[in-house]
Amino acid sequence: MSNTPINSTNTNDVSMFDSVLARLDEAAKLMNLSPEVSEVLRSPVKQIKVSLPVSMDNGKIQVFKGYRTVHSTHLGPSKGGIRYAMDVNADEVMALAAWMSFKCAVANLPYGGAKGGIKCDPRSMSVGELERLSRAYAQSMKDVFGVNKDIPAPDMGTSGREMAWILDELNKVTGEDSPGIITGKPIALGGSLGRDAATGRGVMVNTFAALKKMNLDPKNVTAVVQGFGNVGSHAARLLSEKGIKIVGIGDHTASFYNENGIDIAAALAYAEKNNRILKGFNGATEIKSSELLICKCDVLVPAALQNVINEENAHKIQAKLIVEGANGPTMPKADTILNDKNIICVPDILANSGGVTVSYFEWVQNKAGYYWTEEEVNTKHDFKMEIAFEAVWNNVAKYKTSMRIAAYITALQKLEQGVKLKGAY
Ligand code: GLU
């Protein structure tokens, strides 16, 4: 992104899909996965690339590149968000789609995995431009998306607003009102209560589950949350509401540290009034963004970008526990360093699966035409998340491996059944 935040490595020369394959291969070897199944899962089912001409406010036409990759459909219709960012490319979308397959399998959802994206800078576009772009994307993907086929949702740079435009466009194509064709919608259009905070909530539930295993009392624990968008802000709020002291926060504009704890309610109120950014917040000392991940804390929640934990900074991390709110925040080489330092890392495909879990609940509610209370959603979410955590934790002991590889094994055990039962031509 033009205003690339935080200390992410320049990822242009690093294939994210290779990062996926490195982990897949390691897990496959440990669990003795059949080579045929591995081959199937190394190859995405479908990759679509489109050009989207959009009339800009200056009267000129700009052509944007749009992507959708369906990675797998063995366990159900494919599911995954749509991201608007400048670094969106075919490799990144393919990696994110594969992660969705593993994430849905770990969370035991009846879905395959997919991901989409548009290479654009949403922060520099007007609401009208974003609406035209979203509608153009929906039109170009009308044969891909379907309520029982491929179901999109928000991701980085998108929210309920974009989902509403895409829903409207897709419903115009079919002439039918089919809210379950997309999730993460505004409540008025069939969205689910609890969906907005769900990814952050999943991070919170996973953090508490891990602390319990580590025999750490949450009341004596400090945490740093990198990212203050949908995932980071809800994660910071929920962790602090449950008694964990948040000592560091940051977004793409500024990072802050306060060893006595940051008033997260005040930071949220500040960001709300300040165009959703933290720059200028005075409730803590401003620090360099590169310092945020390595400052003193017990729990580190990277909830912003991919590849932020890398070979350069992994050995400086002081946290005992990392809970990955973002997709792909840790590079494979950093995994080895973290494992050597005995830092427990709850991997993205488990830690941030709360979002797609409540997307699943939204889809179920849309199909039934019957809507649940927020409490029902949260209770069901927490229950599902705790079961997923336990399944992964058991595989850590069984295969004597890291949580990341154990999570891949958990996913592959399910996917292997899907691939074998459905067979091939
Ligand atoms: N984009 C989110 C993710 O990466 C949510 C996907 C969904 O709800 O389908 O998990």
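The values are calculated or read from the model by the stated rules, or taken from the named source; none is laboratory data. From a predicted model like this one, the values you see are computed outputs, not experimental measurements. Ideal geometry is used to build each Cβ from the backbone, glycine not excepted, and the neighbour counts take in all protein chains shown.
Values as computed for the structure displayed
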{"read-out": "Residue satisfying condition, being within 13 Å of the chain's Cα centre (by Cα), within 16 Å of the ligand (Cβ to nearest atom) and not basic (K, R), within set S101, S78, S72", "value": "S101"}
{"read-out": "Close pairs (7 angstrom Cβ cut-off, 6 or more residues apart or separate chains): in contact (Cβ under 8 Å) with a residue 24 or more places away in the chain in region 170-181, small (G, A, S) anywhere", "value": "L170/A138; P179/G190; I181/G146"}
{"read-out": "Criterion: out of contact with any Gly (no Cβ under 6 Å at 6 or more places or on another chain), touching a residue at least 60 places away in the same chain (Cβ under 8 Å) and either more than 14 Å from the ligand (Cβ to nearest atom) or of a type in the set (G, A, S) (or both) - qualifying residue of L52, L130, L41, L109", "value": "L41"}
{"read-out": "Lone unmet requirement of (1) loosely packed, with under 15 Cβ neighbours inside 10 Å; (2) at pLDDT 95 or above; (3) not in a helix (DSSP H, G or I) for Y425", "value": "(2)"}
{"read-out": "Residue identified as away from the ligand (no atom under 16 Å from the Cβ) and either surrounded by 18 or more Cβ atoms within 10 Å (Cβ to Cβ) or modelled with pLDDT under 95 (or both) among K384, K414", "value": "K414"}
{"read-out": "The one condition in (1) farther than 29 Å from L415 by Cβ; (2) in a helix (DSSP H, G or I) that K65 fails to fulfil", "value": "(2)"}
{"read-out": "Residues that are crowded, with 24+ Cβ neighbours inside 10 Å, over 12 Å from T73 (Cα atoms) and of a type outside the set (G, A, S), drawn from region 110-119", "value": "K115, I118"}
{"read-out": "Of residues in region 136-153 being hydrophobic (A, V, I, L, M, F, W, C) and under 22 Å from the mean Cα position of the chain (by Cα), the one nearest to the ligand (Cβ to nearest atom)", "value": "A153"}
{"read-out": "The one condition in (1) more than 16 Å from the ligand (Cβ to nearest atom); (2) of a type in the set (K, R); (3) at negative phi that K400 fails to fulfil", "value": "(3)"}
{"read-out": "Matching strands (runs of 3 or more DSSP E) fully within region 299-384 where at least 2 residues are without any contact (Cβ under 8 Å) to a residue 24 or more places away in the chain and closer than 25 Å to R201 by Cβ", "value": "none"}
{"read-out": "Test: P332 is more than 16 Å from the ligand (Cβ to nearest atom) and touching a helix residue (DSSP H, G or I) at 6+ places or on another chain (Cβ under 6 Å)", "value": "yes"}
{"read-out": "Top-ranked residue in region 369-390 [being of a type in the set (A, V, I, L, M, F, W, C) and under 20 Å from the mean Cα position of the chain (by Cα); ranked as farthest from E26 (Cα to Cα)]", "value": "V377"}
{"read-out": "Matching residues in region 183-203 - criterion: being surrounded by fewer than 24 Cβ atoms within 10 Å (Cβ to Cβ) and within 12 Å of the ligand (Cβ to nearest atom)", "value": "D196"}
{"read-out": "Residue count for region 323-338, restricted to those that are buried (at least 24 other Cβ atoms within 10 Å of the Cβ) and closer than 10 Å to R404 by Cβ", "value": "2"}
{"read-out": "Flag if V364 is within 15 Å of the ligand (Cβ to nearest atom), at pLDDT 95 or above, of a type in the set (V, I, T) and crowded, with 24+ Cβ neighbours inside 10 Å", "value": "no"}
{"read-out": "Residue ID - farthest from A223 (Cα to Cα), chosen from residues in region 243-285 that are surrounded by fewer than 17 Cβ atoms within 10 Å (Cβ to Cβ), modelled with pLDDT of 95 or more and of a type in the set (S, T, N, Q)", "value": "N274"}
{"read-out": "Hey, K341 closer than 24 Å to S402 by Cα, away from the ligand (no atom under 16 Å from the Cβ), surrounded by fewer than 18 Cβ atoms within 10 Å (Cβ to Cβ) and modelled with pLDDT of 95 or more or not", "value": "yes"}
